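Working notes for the structure below.
Nothing in this text is a laboratory measurement; each read-out follows from the coordinates by a stated rule. In this text, all values refer to a predicted model and were calculated from it rather than measured experimentally. Positions of Cβ are generated from backbone atoms using ideal geometry, with glycine treated the same way; all protein chains shown enter the neighbour counts.
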Amino acid sequence: MKKEQLRSDIALLVITLIWGATFIAVKKAIEDIPVFNFLAIRFFIAFIALAIIFYKYTFKVDYKTLFYSFIVGASLFLAYAFQTLGLMYTTASKSGFITGFSVILVPLFEFFILNKKSNKFTIYGTIIAFLGLGFLSIDLNSLKNMSFNIGDIYTMICAFFFSMQIILISIFNKYIKAIPFAIYQIGTVAVLSTIATFIWEKPVIPKNIFTWEALLITGLLATAIAFTVQTAVQKYTTAAHTALIFTAEPIFSAIFAYILAGETMTTQNSIGAVLILAGMLLSEL
C-alpha cells in the first residue's frame, strides 16, 4: 500500500470516529429543534468558519468549482433529506442498516461510472462489513415480522445519494482545489437545509445551551474539518475504500454511547462490530 493511501485511510478513520463521537450530541439536539433547522445552523457554522479561515479561497473561486460543489452538496443534502423522511415511516435500526447499503453501492458505481474495479480484498471486506452492519443494526429475532414499507424506499434513496456524494468527490477533486470544493459543498447544504426548514418545519433559534454546544461541536469538527479532510484525502484512495471505512461510524457511536450514556451492546451487536472491523482490516491487505 502506498504511504499516501495509508495516510488518507487513517484520516478518513479519524473523521469517522468524530462522526461516531458526536452522534449522541446530534440525537439530543434534534429533540430540541427540528432536523433541517439543526442542519441549517450546523452547516452555516461550518461554512462561516471555513470561509473566514480560508478567505483567500472563498472569494477567489471559479464557476467550475461552484458548479461541482453544488452538485456534490445537493447530493449530500438529499441524502440527509431522504434519511429524515424515511425515519418518519421506518425504524431507526432499519434506517441505519439500509443507509449502510451505500457500502455496497459505492464499488458498483465506481465500476460502472469510473470504470474502476475493486480488488478482491476490498470486495470481500465490503461484504463482511455489510453483514456486520446487519448484526449491528437489526434485531435478528424480529426478522420474521419485518416488512418493507415506503420509509425503507426513502432510506434506500438516501443510501443512493450518500454513495453518489462519495463517487462525485472522487470524480471532481481531480479538477479543482479541495478547500474551496469543501467550503461550497458545505455552503450548498446550509442553503438547501435553510430552504427545507422554512418549507417543512417551524425554524427556531435554540435557547438550550447544550443544543448550541452540539451545534458548535458538530459544525466545527463533524462538518468543517470532517468534510474538508474527506474532500482533500479521498483523491489518494478509492471511493469503495472510503465507503468501507465509513462503516465504522456505528461502532464508534456505540463506544461513545457506552462511555457517555451508559448504553450497552448486545452479543449480536458485538459480533456486528467485529465483522465490520474484520472487513476493514481485510480490505487494508
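Peptides 191-204, 74-87, 165-178 ranked from most to least packed give 74-87, 165-178, 191-204, packing being the mean of other C-beta atoms within 10 angstrom over each peptide's residues.
Rounded to whole Å and ordered largest first, report the semi-axes of the equivalent ellipsoid of the chain derived from its Cα gyration tensor (root of 5λ).
Values: eigenvalues 148, 122, 63 Å².
Equivalent-ellipsoid dimensions as semi-axes: 27, 25, 18 Å.
Using the C-alpha atoms of the stretch 115-255, what convex hull volume per residue, in cubic angstrom, is computed? Before the final figure, lay out the partial values.
Details: hull volume 25.5 nm³, N = 141.
Per residue, the Cα convex hull of the stretch 115-255 comes to 181 Å³.
Highest-first packing order for the peptide set 250-263, 270-283 is 270-283, 250-263, based on the mean count of other beta carbon atoms within 10 Å.
Helices of the chain meeting both criteria, an alpha-carbon length of 20 angstrom or more along the long axis and an average Kyte-Doolittle score not below -0.5, with helices taken as full DSSP H segments, are 3-21, 35-53, 63-87, 120-137, 150-172, 178-200, 267-284. The value obtained for the stretch 1-102, namely the Cα convex hull volume divided by the number of residues, is 159 Å³ per residue. Please compute the net charge surrounding residue 273, taking Lys and Arg as +1 and Asp and Glu as -1 over other residues with Cβ under 14 Å from its Cβ. Within the 14 Å Cβ shell, the charges total -2.
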